[in-house]
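Sharing a structure here in structure tokens format.
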Amino acid sequence: MTILKMTAEDYTLSAEYLGPMLEALEKRGIDEQQALAGLDIEPGCWRDPKARVTALTFKRFSRRLVELTGEPWIGWELGASMPLSSHGFLGYAAMSSNTLGDAIELAVKFFRTRGTIVQLEAFVEGEWAVLQLNEMLSLGEHGPLLTESLFSSFHFMGLQLMPDIEILGELRFAYPEPAYFSRLRPMIPVPIYFDCAYSQMRFPAERLQRRLRFADPRLAQMAAAQCEQEMEQIKAPPALLGQVRRVMLAGSGGFPGVEEVASEMHMSSRTLKRKLQQLGTSYQKLLDDLRKGLAVEYLTQSGRSVDDIALALGYSDASNFARAFRRWTGKSPSDYR
């Protein structure tokens, strides 16, 4: 199977995204030589639209960025500073689309041209349109910087394409609230939730029909054609983490064990464990993260009792669930609610 041939080195990001990171350092008096010292990054590669960097290289440079600036929240600044051109031909295709829904459809279809570290998914859930980021390999400590920079970028792109629109929606993050976030929360005009099952931007679904400011069907078609050509040159890693989560969620009467999930995916449990380890995670961590995320969403978004939530998440009683939840978040379910 293709899954068995993939390694973490196959997950990449467009080198063009290194440009805004270097500019952020330069504004703080940190030159390119200091920023790149000891890193496997070819000088000037961020000016080549075809250049890619591996996930490992991106993680190392992200760590360097935070260490040199002392600003772990810098992802928000990076996203705000990215012009549409930072997203290559995909940015031009989205910008010139007829409606917001058309732009998002293109973004999902061609997101691989920008990176394979995360996958972009879009769907409608009730009154909300949802943009969801799915990790293709475990991001760990680097999750906040990448997620926050992308969400910040999406937000400011939206403001450029639909000026004067009222800001409505919510943000959900699939990681604990960072210590630095207390200083940012007052500046973000929508509700924010952490420890969720998935990282999502949510906004009114009716906006998908809104016409964009720079709509140009001819330019959109030309840019999309270029994206098609780029897609042919980029290896598509299988969404193993997403596949495992889907199998977990599809089970009835609780979450399946690793043997059941492996069997459903036509591989041995040993192979599945090995592949997950290569991607920086484990079956138990995926299960804990999924349970934690669902628990947080049930507690904050519904009126379900703690007993009902415990049962839904496969715990034999509320006390076992409460102990696990305290281990995940440092709070009891009632205190968190």
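Whenever you get a sec, compute what percent of the accessible area on region 1-84 sits on carbon and sulfur atoms (1.4 Å probe).
On the way: 2160 of 4280 Å².
Summing carbon and sulfur atoms, their accessible area is 50 percent of the total for region 1-84.
Suppose all protein chains stay in the model; what accessible area per residue would a 1.4 Å probe give for region 61-217, in Å²? Don't jump to the answer; show the numbers that get you there.
Working: 6560 Å² over 157 residues.
Result: 42 Å² per residue.
How long are the three semi-axes of the equivalent ellipsoid of region 179-283, in whole Å, if each is the root of 5 times an eigenvalue of the C-alpha gyration tensor, listed from largest down? Don't skip to the end; give the middle numbers.
Values: eigenvalues 247, 132, 47 Å².
Ellipsoid half-lengths, sorted descending, are 35, 26, 15 Å.
Same structure again: Kindly express, to the nearest 10 degrees and within the range 0 to 90, the angle between helix 55-69's C-alpha long axis and the longest C-alpha principal axis of the chain.
Helix 55-69 and the main axis of the chain meet at about 80 degrees.
Angle between the Cα long axis of helix 143-161 and the longest principal axis of the chain, 0 to 90 degrees, nearest 10?
Between helix and principal axis, roughly 50 degrees.
What list of ³J(HN,Hα) couplings, whole Hz, do you get for region 325-337 from phi and the Karplus terms 6.51, -1.76, 1.60, once you set θ to phi - 60° and write x for glycine and proline?
Taking θ as phi minus 60°, the curve returns 5, 5, 5, 6, 10, x, 10, 7, x, 5, 5, 5, 5 Hz for region 325-337.
Let me ask something else. Please state the equivalent ellipsoid semi-axes for region 4-87: what are the square roots of 5 times the Cα gyration tensor eigenvalues, largest first, in whole Å? Could you put the intermediate results ahead of the total?
Details: eigenvalues 88, 45, 34 Å².
Equivalent ellipsoid of region 4-87: 21, 15, 13 Å, largest first.
Work out how far the C-alpha atoms of the chain reach from end to end along every principal axis, then list the three figures in whole Å, largest first.
Each principal axis gives a Cα extent; for the chain these are 56, 45, 40 Å.
Mind running the shape call on region 254-293? Use the C-alpha gyration tensor, a ≥ b ≥ c as the square roots of the eigenvalues: rounded below 1.5 for a/c, prolate if a/b tops b/c, oblate otherwise.
Numbers: a/c = 2.91, a/b = 1.23, b/c = 2.38.
The shape class here is oblate.
Please give the helix 100-110 orientation as an angle from the longest Cα principal axis of the chain, in degrees from 0 to 90, rounded to the nearest 10.
With rounding to tens, the tilt is 90 degrees.
The values are calculated or read from the model by the stated rules, or taken from the named source; none is laboratory data. Keep in mind it's a predicted model, so treat the numbers as computed, not measured. Heavy atoms of the whole protein, side chains included, go into the accessibility calculation; ligands, DNA and RNA do not. Shrake-Rupley method; radii C 1.70, N 1.55, O 1.52, S 1.80 Å.
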